[in-house]
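Notes follow once the structure below has been shown.
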Amino acid sequence: MKNLAIARRYAKALLLIGKEDGKTDTYREELGAFANLIEQEKSLQQVLVNPLYNADGRKKVLTSVMDNLNLSRAMTTFLLFLFDKGRIGFLSNINDFFQKFADELKGVARASLVSATELSSETVDKIRSALSKRTGKDIILEVEQDPELIGGIVTRIGDLVLDGSVRTQLLNMRESLKRGESV
């Protein structure tokens, strides 16, 4: 829990820098790319985070990777700051928070849509526009399939879950019948 609070603080700081210099989108791309690289290359992550390795050597590796990625001056400074403060291990969480904050700044919400069967693009567009009206934000929709739903859809936007699946309706009916309520 403490680590998430720390990650949130660093993400907000980077967002404020991005708002000041108007490069929030640039920082979003750079931080996302760097965080994904670290996540995919476990050996690189281990070198950067593990205190058993020499700090100067780890910093040289970090600098070399950043030079190869041609990161902006602000992002380079930010990542070196994280390293110096011993927070480079929180990079994945910082990236998650930063992406969320940058979305909020642009008025964008990310949602997931799970359906039992494949949906047509028209249906997905209708659902996206309905969610957009409901939230007042542009919606980026991630569509998945789950045959266990039997039918219907389940949509998640942050903490809000809209469950219209047949499976859930059947479970609710079963619970009602167990309690002796009429359906």
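The values are calculated or read from the model by the stated rules, or taken from the named source; none is laboratory data. Being a predicted model, the structure only gives us computed values, none of them experimental. Note that each Cβ is placed from the backbone with ideal geometry, even for glycine, and that neighbours are counted across all protein chains shown. Keep in mind that these areas ignore ligands, DNA and RNA; they rest on the heavy atoms of the full protein, side chains included. Shrake-Rupley method; radii C 1.70, N 1.55, O 1.52, S 1.80 Å.
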For region 12-90, convex hull of alpha carbons as volume per residue, Å³: 83
3J(HN,Hα) from dihedral phi, region 7-22, Karplus parametrisation 6.51/-1.76/1.60, rounded to Hz, x for glycine, proline: 4, 4, 5, 5, 5, 5, 4, 5, 5, 4, 4, x, 5, 5, 9, x
Distance (nanometres) between label positions extended 7 Å along Cα→Cβ at Thr123 and Arg156: 2.1
Approximate spin-label separation Asn54-Arg179, in nm, with each point projected 7 Å along Cα-to-Cβ: 6.7
Whole-number percent relative contact order across the chain, with pairs defined as alpha carbons under 8 Å at least 6 apart: 20
Modelled FRET efficiency - R0 45 Å, Leu16 with Leu170, Cβ distances, 0.05 increments: 0.40
20 °C / 1.002 mPa s Stokes-Einstein diffusion coefficient of region 2-41, Kirkwood radius on C-alpha pairs, µm²/s: 197
GNM top mover of Leu160, Leu14, Leu31 - the chain, alpha-carbon springs below 10 Å: Leu160
Amide H partners (placed H, <5 Å) of Gly151, local residues excluded: Val166, Arg167
Rounded percent of accessible protein surface that carbon and sulfur make up, region 1-124, 1.4 Å probe: 51
Accessible area expressed per residue, region 1-96, with surrounding protein chains retained (probe 1.4 Å, Å²): 61
Calculated over region 67-183: convex hull of Cα atoms, volume per residue (Å³): 191
Whole-number Å³ per residue for the convex hull built on Cα positions in region 1-145: 149
Helix axis angle, 91-106 relative to the chain longest principal axis, alpha carbon, degrees: 60
MRE, 222 nm, helices only [DSSP H, n ≥ 4, -39500 (n - 2.57), over the chain, to nearest 500]: -21000 deg cm²/dmol
Share of Cα-Cα pairs in region 65-124 lying beyond 17 Å, as whole percent: 62
